[in-house]
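Any read-out appearing in this document is the output of simple, stated calculations on the displayed coordinates, not a laboratory observation. As the structure is a computational prediction, the values presented were derived from the model and not from experiment. For neighbour counting, all protein chains shown are included, and Cβ atoms are generated from backbone atoms with ideal geometry for every residue, glycine included.
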Amino acid sequence: MPEENKERQNALDNKQPEVKREDQREKIEVSSSSAKQQISTNKESLSIKFWLILLCLVFTCSMLSGIYLIIKPAGNTAKLVEDKSEEKNSIKFFKNSNSKEGAVVVNIRGEISESIDNSAFSSKQNASSIARRIRELADKKEVKALLLDINSPGGTVAAVQDIYNALNYFRSQKKPVVALMRDVAASGGFYIAMAADKIVAQPGTMTGSIGVIMQTTNAQELLKKIGVDFNAVKSGQNKDIGAIYKELTPEQKLLLQEMIDETYQQFFEAVKNGRPNVDVNTLRVYADGRIFTGAKAQTLGLIDDLGGEEKAKEYLSELTGINDIKILNQKSKFMEDFFLPFSNLAESSMALKQIAKPRTPALAYMLNL
């Protein structure tokens, strides 16, 4: 019996090292797996840090480049750079120049208004921004003249008058203005051209449309059909004049007509002052909102000549006495070109919003086709 017990004890002693070896193997495998996971985690962390640092560097470089491009022209007003025209065929006209003085170009494109959307993604030009820039240019000694490049069907009354008054201030500094009409320079676009010393247009330019319009929407019957009812608590009977849920009364139509007539007279006076050689009776006949071509406008004396950039440049040289006058500009177009694709998306979004929310009635010098 003692011998059997010894044999069993020896057997157990022989098995224990095997168990211990298995435990050691498991521990080694676990530690190896943990090490691999730690290495993998460290690699992922380093990769994330690398890309974050790279993105920060790219963002910083882009921001500094943008600030440099924006601030550089303002920091050295004596060195102005060439304005890149929106028309491809204007490259020769806007040629490179290192001249320290000359004329500047101010583009009027699309609807003239005080845009509600002031974000960087908006392609609309704020009238107040344009007017402010014109006044700033008028005070710069190196700026000798201004070329007003117009392609616009008009806009709201106050916005148009803001630019018109700024142009008159520019001329009051003994600096001439030449207006160049493109495809369309009608209504408000025609109004601001009246502040120019000379006006040039193409024979087929659509211009004129001297008049004022105010549009309102009456959706009363539609709202009844879909079961929508509006209630307004107001201080006076005309406080909701032009509301979409009610029809204008004869008295309200008369009130609006008086306002239309007043702003129309302001337009008429601007044309009469800008074109003093045009007979007043002839002007009254054609100032009924009708549109006409550039060729017809020249016949009536409402513009000075037919042509394009070269003709406008001739007038700039003639009025300033500077031969081969250079076209200068203070603002880089880099940021505008960069944000242009985003502005189209923003405008599409705004158009969809306008369907759900009707536009507030406004007085407008606007061509409506």
Q: Just the ratio, please: alpha-carbon radius of gyration of the stretch 213-292 over 2.2 N^0.38 Å, N its number of residues.
A: 1.60
Q. Cβ under 13 Å from Ala201's Cβ, Ala201 left aside: what net charge do those residues give with Lys, Arg +1 and Asp, Glu -1?
A. -1
**Q.** Rounded FRET efficiency, nearest 0.05, which uses the C-beta distance separating Ser65 from Glu142 and R0 of 22 Å
**A.** 0.25
Q. Ranking Met214, Met259 by Cβ neighbours within 10 Å, fewest first, what do you get?
A. Met259, Met214
Q. Say the cut-off is 31 Å between C-alpha atoms; which of Lys272/Lys311; Lys246/Lys272; Lys140/Lys198; Lys175/Lys296; Lys224/Lys253; Lys141/Lys296 go over it?
A. Lys246/Lys272; Lys141/Lys296
Q: Could you please rank Phe292, Phe190, Phe170, placing first whichever residue has the fewest other Cβ atoms within 10 Å of its Cβ?
A: Phe292, Phe170, Phe190
Q.
Which trypsin sites (Lys or Arg not before Pro) in the stretch 139-244 sit in a loop by DSSP (not H, G, I, E or B) and have at most 13 other Cβ atoms within 10 Å of their own Cβ?
A. Lys141, Lys174, Lys234, Lys239
**Q.** Residues Thr207, Thr217, Thr320, sorted so that the one with the fewest Cβ neighbours within 10 Å comes first
**A.** Thr217, Thr320, Thr207
